[in-house]
Every structure is written in structure tokens, then in C-alpha cells.
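Here, each number is a calculation from the coordinates, and none is a lab measurement. Treat the numbers as computed from the prediction; the structure is a model and nothing was measured. No Cβ is skipped: glycine too gets one built from the backbone with ideal geometry, and neighbour counts run over all protein chains shown.
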């Protein structure tokens with residue numbers, strides 16, 4: 001299958017995820033975002049998925065990327081919304097408007113952290129949620145995306 005024919009998955013990382021590898025390594029590990037994206041791109045190729053990676057600290061840019069996913073024929077979105085998980089009705093509304101299945105992911109176990117991290121504005125509309133699997137959760141999300149695509 002050529003890349004042009006491959007299913008398309010968009011990976012969105014939200015605020016402060018550009019700092020993984022240096023930010024709280026006891027929680028997030030020492031792998032940088034660039035290293036993670038490289039690893040995931042290679043795994044996606046093995047799964048015959050065309051993966052696009054995007055990171056922003058700006059809520060509006062994330063919303064715009066979700067909205068553009070519709071016209072870019074994205075099949076599934078994987079998102080680690082970071083702190084916007086707990087605050088962004090705008091990101092929720094963007095997902096509702098495009099009707100693209102998405103997988104919510106969190107590196108740490110948010111339920112073992114501060115109480116304010118226990119609520120997500122996205123979980124109830126997500127096609128799947130991966131919490132507390134470390135960076136391996138991203139690879140699991142790729143497999144889940146592949147499952148969503150193949151079940152259509």
C-alpha cells in the first residue's frame with residue numbers, strides 16, 4: 001500500500017509536551033518529543049498508517065488542527081491534550097464538530113495525581129482512552145487507531 005493510499009492518523013500533543021525528556025523525568029521519562037515522534041512514525045509505517053505529528057502550547061492552534069483534519073481526510077486523531085484535558089470546552093466542541101474518531105492519551109496516571117486532573121472534557125466522547133502507560137501508550141494508541149480504521 002502506498003503512503004497516498006494509507007489510512008491517515010493525526011497525532012496532537014498539547015501544552016508542555018514539547019518538554020518531555022526534560023520535564024519531570026520521573027513522571028514522563030527521558031525520551032524527547034522528537035524521539036517519540038520518530039519512533040511512532042516508524043511504527044506507523046509498519047502498520048501501513050500515514051502519521052502526521054503536531055504539537056502546540058496554544059489552544060486555538062489545536063482547535064484549528066482538529067478542524068482542518070476533516071478536509072485533510074484524517075481517519076483517526078490521537079491526542080494528548082495535556083492540561084487542556086481539564087479546561088478546554090473548545091477542543092471538545094472541535095471534536096464534536098468534525099466527528100472524527102479520536103483516542104485520548106495521557107502518559108501518567110492522571111487518577112494518581114492531583115484531584116483537578118481527574119476530570120476530562122474529552123473522555124466521554126473519545127473512542128478510547130489510554131492513561132498511565134508511559135510513552136508506550138502512544139504505540140498502543142496507534143494499534144487502537146488501526147483497529148478503528150479496519151472496523152469501518
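Give the distance, in whole Å, between the Cα centre of the range 15-50 and the Cα centre of the range 84-152.
So the separation of the two Cα centres works out to 16 Å.
Less than 20 Å from a label point 7 Å out along the Cα-to-Cβ axis of residue 57: which backbone N atoms in the range 71-99 qualify, by residue?
Residues 80-88, 91 fall inside that zone.
Express the C-alpha Rg of the range 82-147 as a ratio against the empirical globular expectation 2.2 N^0.38 Å, rounded to two decimals.
Values: Rg = 11.9 Å, N = 66, 2.2 N^0.38 = 10.8 Å.
That ratio works out to 1.10.
Could you work out the helix-only [θ] at 222 nm for the chain, with each DSSP H run of four or more residues adding -39,500 (n - 2.57) and the total divided by the number of residues, to the nearest 500 deg cm²/dmol?
Values: 5 runs with 56 residues, N = 152.
Rounded to the nearest 500, the figure is -11000 deg cm²/dmol.
When only Cα pairs under 8 Å and 6 or more residues apart are kept, what is the percent relative contact order across the range 59-140?
Working: 111 pairs, mean separation 25.4, N = 82.
Over the range 59-140, the number comes to 31 percent.
For the chain, just say rounded, prolate or oblate: build the C-alpha gyration tensor, square-root its eigenvalues into a ≥ b ≥ c, call rounded for a/c under 1.5, and beyond that prolate if a/b exceeds b/c, oblate if not.
Working: a/c = 1.63, a/b = 1.22, b/c = 1.34.
Oblate is the answer for the chain, as a/c is 1.5 or above yet b/c matches or exceeds a/b.
Assign one of three labels to the range 30-110, namely rounded, prolate or oblate, based on the Cα gyration tensor with a ≥ b ≥ c the square roots of its eigenvalues; rounded applies when a/c is under 1.5, prolate when it is not and a/b is larger than b/c, and oblate otherwise.
Numbers: a/c = 1.91, a/b = 1.20, b/c = 1.60.
It comes out oblate by the Cα gyration axes.
How far apart, in nm, are two points set 7 Å out from the Cα along the Cα-to-Cβ line at residue 35 and at residue 64?
Result for the modelled spin labels: 3.1 nm.
For the range 3-150, what does the relative contact order come out to in percent, with C-alpha contacts under 8 Å and a separation of six or more?
Taking the mean separation of contacting Cα pairs over the length of the range 3-150, I get 27 percent.
Treat each spin label as a single point 7 Å out from the Cα along the C-beta direction, and report the residue 5 to residue 96 distance in nm.
The modelled label-to-label distance comes out at 3.9 nm.
Taking the number of other C-beta atoms within 10 Å as the exposure measure, put 122, 140 in order starting with the fewest. Please list the in-between numbers first.
Numbers: 122 19, 140 15.
Result, fewest neighbours first: 140, 122.
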